[in-house]
Amino acid sequence: MKQMEQHAPSPLDDFLFDLNGYLILQDAIAPELLARLNAEFDAFPADLEMGAWYRGAQRRDYTPDTGLELHQAVELGAPFEELIDHPSWIDHLRHYCGEEKSYVEGLFIDESIASVRTEGGHHPVHSGGYRGALRGRYSYEHGVFRCGQCNIIVALTDIGEGDGATMVVPGSHKSNLPHPLQGDYARGDRMDALPGAVPVYLNKGDALLFCDGLMHGGSSRTNPGERRIIIYRYGPLWGASRFGYVYDREFLDGLTPPRRKILQPVPPVERKQSNEG
Ligand SMILES: O=C(O)CCC(=O)C(=O)O
């Protein structure tokens, strides 16, 4: 198996990430890992009920229109573990949201999702700098990035026109005003024609890296077939699982130490028997 090269963020990456809030990492995963991940997707039970578990992951679709979304995808098997500290992006994540050059340097994955979208599916626009949660906030000050959360979306299928590409509003991670035509997330408004939004077309194996504070969502899939992506959300090591998922000891012990450190950066303190009372 060919090892991928470690990619460090370049000055151009930093400039474009600051400017736009996202980067496209071409050929981020090797064809053989792509094939193994797609084989895992082929085996997903398509009729899994909401809330039901498949291996260590749970079906939890974000909205009725997003399609099958398995949360805790890191627990779906070995190929998913390889994405945790993948050399194509891990140094970018450490740099953008890993509290670099501070006393709490390090990363944590607080959500991981395997997503299958079919015809008619979409994900309404959300986030943006305006009144954004601290968790997704963008910041660059004193020569360091301090993003609250950055996402990696890995494309397992080619994503072109009509395939339901992720859309972003470049620069919106720094917005001070609400988008006047944003629509309503809960109502399921589609973002296809949102002024300022652009689709991010990807070849299978490419990855999209973006600050969660960027306005983003998924355009309508109008083509037949499936769009397959994996989303890993990274943030500082002191973060917590958004939905309260915890890893069991056996799973953590089976990981390589660098991967274990990203899923459990601060191991719990074991209380020792006290002599007093
Ligand atoms: O499905 C997509 O393309 C976008 C996903 C998204 O917006 C999210 O998970 O926050």
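Label-point separation (nm) for L19 and V246, each offset 7 Å from Cα along Cα-to-Cβ?
So the label points at L19 and V246 sit 4.7 nm apart.
Label points 7 Å out from Cα along the Cβ direction at N203 and K272: separation in nm?
Computed distance between label sites N203 and K272 equals 5.8 nm.
Checking a compactness column here: for region 1-111, what do you get for Rg(Cα) / (2.2 N^0.38 Å), N being the number of residues?
1.25
Taking a ≥ b ≥ c as the square roots of the eigenvalues of the Cα gyration tensor of region 35-181, is the shape rounded (a/c under 1.5), prolate (a/b larger than b/c) or oblate?
On the way: a/c = 2.02, a/b = 1.33, b/c = 1.52.
Judged from the Cα gyration tensor, region 35-181 comes out oblate (a/c at least 1.5, b/c at or above a/b).
Return the carbon/sulfur percentage of the accessible area of the chain, one whole number, probe 1.4 Å, all protein chains in place.
Details: 7260 of 13780 Å².
On the chain, the fraction of accessible area on carbon and sulfur atoms equals 53 percent.
First check a/c for region 105-166, with a ≥ b ≥ c the square roots of the eigenvalues of its C-alpha gyration tensor; if it is under 1.5, answer rounded, and if not, answer prolate when a/b is larger than b/c or oblate otherwise.
prolate
If packing is taken as the mean number of other Cβ atoms within 10 Å per residue, what is the order of 37-44, 165-172, highest first?
Details: 37-44: 15.9, 165-172: 22.2.
The most tightly packed comes first, giving 165-172, 37-44.
Give me the net charge of N203's neighbourhood, meaning all other residues with Cβ under 14 Å from the Cβ of N203; Lys, Arg count +1, Asp, Glu -1.
Numbers: positive: K204, R227, R228; negative: D27, D158, E161, D163, D206.
Charge balance in the 14 Å sphere: -2.
Cα convex hull of region 146-262: how many Å³ per residue? Display every interim value, and only then the final one.
On the way: hull volume 18.0 nm³, N = 117.
In region 146-262, the Cα hull volume divided by residue count equals 154 Å³.
Sum up the charges of everything whose Cβ sits under 14 Å from the Cβ of C150, counting Lys and Arg as +1 and Asp and Glu as -1, but leave C150 out.
Local charge sum for C150: -4.
I'm checking a number: the convex hull volume of the Cα atoms of the chain, normalised per residue, in Å³. What is it?
Roughly 160 Å³ of hull volume per residue.
Could you let me know the centre-to-centre spacing of region 79-115 and region 52-78, using Cα atoms, in angstrom?
After rounding, the separation between the Cα centres reads 20 Å.
In a shell of Cβ-Cβ distance under 13 Å around Y130, excluding Y130 itself, what net charge do Lys and Arg (+1) and Asp and Glu (-1) give?
Values: positive: R131, R137, K174; negative: none.
Once positives and negatives cancel, what remains is +3.
Ranking request for peptides 265-273, 179-187, 23-31, 205-213: highest mean number of other beta-carbon atoms within 10 Å first, then the rest in descending order.
Details: 265-273: 7.9, 179-187: 12.2, 23-31: 17.4, 205-213: 24.9.
Those peptides, ordered most packed to least, come out 205-213, 23-31, 179-187, 265-273.
Once every Cα of region 55-110 carries one equal point scatterer and solvent is ignored, give the base-10 log of I(q)/I(0) from the Debye formula at q = 0.21, 0.31 Å⁻¹, two decimals.
Debye intensities relative to I(0), on a log10 scale: -0.88, -1.11.
With every protein chain kept in place and ligands, DNA and RNA left out, what is the accessible area per residue of the chain? Probe 1.4 Å, answer in Å².
Values: 13780 Å² over 277 residues.
Using a 1.4 Å probe on heavy atoms only, each residue of the chain averages 50 Å².
Work out the length of the dipole vector of the chain about its Cα centre, built from +1 on the beta-carbon of each Lys and Arg and -1 on the beta-carbon of each Asp and Glu, and round it to the nearest 20 debye.
Value, rounded to 20: 600 debye.
What list of ³J(HN,Hα) values in whole Hz, one per residue of region 59-65 in order, does the Karplus curve 6.51 cos²θ - 1.76 cosθ + 1.60 (θ = phi - 60°) give from phi, with Gly and Pro shown as x?
Here the 3J(HN,Hα) series is 6, 8, 5, 5, 9, x, 9 Hz.
For every helix of n ≥ 4 consecutive DSSP H residues, a contribution of -39,500 (n - 2.57) applies; sum these over the chain, divide by its total residues, and give [θ] at 222 nm rounded to the nearest 500 deg cm²/dmol.
That calculation yields -4500 deg cm²/dmol at 222 nm.
The values are calculated or read from the model by the stated rules, or taken from the named source; none is laboratory data. Given the structure is predicted, the values throughout are model-derived calculations rather than measurements. FYI the Cβ positions are ideal-geometry reconstructions off the backbone, even for glycines, and counts take in every protein chain you see. The protein model used for the area step is the full one, side chains on, heavy atoms only, and it has no ligands, DNA or RNA in it. Shrake-Rupley method; radii C 1.70, N 1.55, O 1.52, S 1.80 Å.
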